[in-house]
């Protein structure tokens with residue numbers, strides 16, 4: 001295991017109404033890993049991310065980022081929401097959306113200026129969307145919209161990235177582009193946590209994995225714990241996956 | 001202006017609920033003070049409008065009801081209560097009560113100079129806040145969850161926007177009235193959305209449309225006897241919406257239809273050209289003449305498409321033979337490459 005703990009979650013419990021969605025989750029995510037959160041639909045994967053980020057209010061539990069409460073460490077954390085969570089018919093351009101990533105460091109009232117624009121353009125370049133900077137966002141393809149969201153998080157220049165299903169509904173080209181960026185982030189010792197659906201690609205893309213189904217089933221290096229036993233425990237059916245070495 | 005935000009939040013009906021919720025406020029303000037001073041009555045409207053709005057927010061947050069249900073519930077509850085109070089007031093042996101019902105349908109003619117001053121003042125204030133918090137409003141409207149992760153207090157921004165919508169509505173009550181106010185809020189915004197893809201331009205256009213409907217509507221109603229101003233203003237605003245829906249260049253129905261027809265025609269032309277290209281490709285000389293009869297095998301071929309290709313100088317005709325020009329060959333090969341690109 002590498003040195004620092006980037007994200008630590010203690011006793012996290014979340015419920016909508018009476019039914020618990022997440023039950024007593026303890027989680028330690030070491031710095032510099034590329035981690036997948038996997039589990040069936042309704043297992044609470046998105047809820048876990050949203051609770052860590054304070055978008056949802058947990059019933060119990062605490063989250064710390066590099067040893068301090070999340071509220072004090074916000075600028076170290078960037079979030080890529082599910083693509084479907086916003087209205088893409090909103091009247092704005094790709095560049096404008098990416099600029100939103102700078103709003104946090106700007107704080108209240110202050111307007112983004114040349115410096116922020118430069119940062120946004122650099123991020124667009126990284127995700128290969130520079131030619132589309134002035135495009136109305138409704139006229140982008142699903143994959144392009146996803147890349148815009150990724151660029152918006154990159155602008156924040158955070159240490160920890162939470163991404164909610166960044167590969168959902170994107171074509172192979174975009175998927176490869178995104179995973180390359182994620183691997184680059186890991187090279188820079190950033191921590192990336194991804195809600196992921198495609199079990200086949202877990203060993204290829206990620207080095208760390210968390211199995212989740214309301215409770216935490218297992219967490220650790222992919223090569224140690226990504227096995228049929230844990231998959232069966234998580235998905236409840238006899239799951240066989242051949243792991244490529 | 002503020003209507004833009006309501007439209008983009010998909011809370012269009014909120015305006016309707018707020019304006020109806022303002023009615024009991026007016027009635028209660030009258031019952032307590034006994035005056036018909038519009039400032040005091042509007043203060044009452046503001047308070048009950050705000051109460052109604054935050055009840056709606058509360059209902060949506062705490063229960064499983066959808067927001068349209070909550071809106072409908074609060075709207076009829078407050079409006080019913082307001083009507084009850086109005087009828088109660090009318091039965092009072094007090095000569096002063098006449099004229100409260102002007103808030104139902106609005107009566108621009110009753111506006112006095114001080115009212116106009118108040119409106120300008122509040123509008124100026126709204127504008128100032130809008131400019132200050134532009135960035136925060138925009139990001140909250142687009143992606144509220146993300147805004148929260150950046151460390152902004154989203155509840156504060158939300159309450160701010162909502163309060164200003166309530167304020168705008170209450171001010172409009174005197175002119176357009178409870179029943180028609182939401183149209184005044186939404187129509188300019190809906191019209192403006194058709195013309196632009198930028199939030200800034202949309203808000204500006206909405207303000208322009210709104211102002212224009214106001215001026216124009218008042219002018220029409222003043223030129224005729226017995227035309228009340230509020231409804232005329234709303235009708236003018238609706239005309240803006242109608243025109244925008246039909247004639248807007250990018251989103252309008254008319255241009256969509258025209259583009260659709262043009263695309264189909266172009267596609268037919270391109271298909272014919274591609275077919276010719278395939279035949280011409282088999283010869284060393286691309287301008288080698290071929291008989292027109294070959295084309296008859298090609299489905300959907302007409303003399304008119306051939307004539308159009310000649311007009312575009314892609315094809316030349318020699319008696320009953322045709323041949324591709326250099327230009328035509330180039331266009332066709334580009335077309336072919338583009339198509340195979342987009343199939344990747």
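None of the figures in this text is laboratory data; all of them are computed from the coordinates on show. All figures in this text were calculated on a predicted structure; none of them were measured in a lab. Note that we place each Cβ from the backbone using ideal geometry, even for glycine, and neighbour counts take in every protein chain shown.
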Would you please state the base-10 log of I(q)/I(0) at q = 0.12, 0.15, 0.16 1/Å for chain A, with intensities from the Debye formula using one equal scatterer on every alpha carbon? -0.70, -1.08, -1.22
Quick one: among A:30, A:131, A:81, which has the greatest mean-square fluctuation in a GNM of chain A with alpha-carbon springs under 10 angstrom? A:131
Looking at chain B as a GNM with Cα springs under 10 Å, which of B:136, B:113, B:327 has the largest mean-square fluctuation? B:327
Helix-only [θ]222 nm of chain A, DSSP H runs n ≥ 4, -39500 (n - 2.57) each, per residue, nearest 500: -8500 deg cm²/dmol
In whole angstrom, how long is each semi-axis of the equivalent ellipsoid of the protein assembly as shown, when you take the square root of 5 times every eigenvalue of its Cα gyration tensor and sort them from largest down? 50, 43, 20
Of every Cα-Cα pair in region B:173-223, the percentage lying beyond 17 Å is 40
To the nearest 10 degrees, how steeply does helix B:12-33 sit against the main Cα axis of chain B, on a 0 to 90 scale? 10
Virtual spin-label span in nm between residue B:201 and residue B:335, 7 Å along Cα→Cβ: 3.3
Percent relative contact order for chain B, counting Cα pairs under 8 Å at least six residues apart, stands at 17
Taking the Kirkwood radius as the inverse of the mean 1/r across Cα pairs, report the Rg/Rh of region B:2-189. 0.99
When a footprinting reagent is the concern and you count Cβ atoms within 10 Å, what order do B:83, A:35 take, fewest first? B:83, A:35
Over chain A, calculate the relative contact order: mean separation of alpha carbon pairs under 8 Å at least 6 apart, over the residue count, as a percent. 26
Tell me, in nm to one decimal, what length is gained between residue B:134 and residue B:61 on full extension, where the rule is 0.36 nm per residue of separation less the Cα-Cα distance? 23.7 nm
Helix axis angle, B:67-91 relative to chain B longest principal axis, alpha carbon, degrees: 40
With angles folded into 0 to 90 degrees, how steeply does helix A:142-155 sit against the dominant principal axis of chain A? Use alpha carbons for both and round to 10. 80
So the FRET efficiency between residue B:293 and residue B:242, C-beta based with R0 = 56 Å and rounded to 0.05, is 0.60
Listing A:216, A:126, B:62 by rising number of other beta-carbon atoms within 10 angstrom, fewest first, gives B:62, A:126, A:216
So what's the Cα pair-distance distribution over chain B, bin width 20 Å, in %? 25, 37, 19, 16, 3, 0
Once both labels are modelled 7 Å past Cα along the beta-carbon direction, what's the residue B:121-residue A:189 spacing in nm? 6.0
Sorted from fewest to most neighbouring beta carbons within 10 Å, what does the list A:46, B:120 look like? B:120, A:46
Rounded to whole Å, give me the distance from the Cα center of region A:93-150 to that of region A:54-75. 26
Residue of A:194, A:86, A:155 that the Gaussian network model of chain A assigns the largest fluctuation, springs spanning Cα pairs under 10 Å: A:86
Using label points projected 7 Å from each Cα along Cα→Cβ, tell me how many nm separate residue B:69 and residue B:258, to one decimal. 4.6
If you count the DSSP beta bridges with both ends in the protein assembly as shown, what percent of them are antiparallel, to the nearest 5? 60
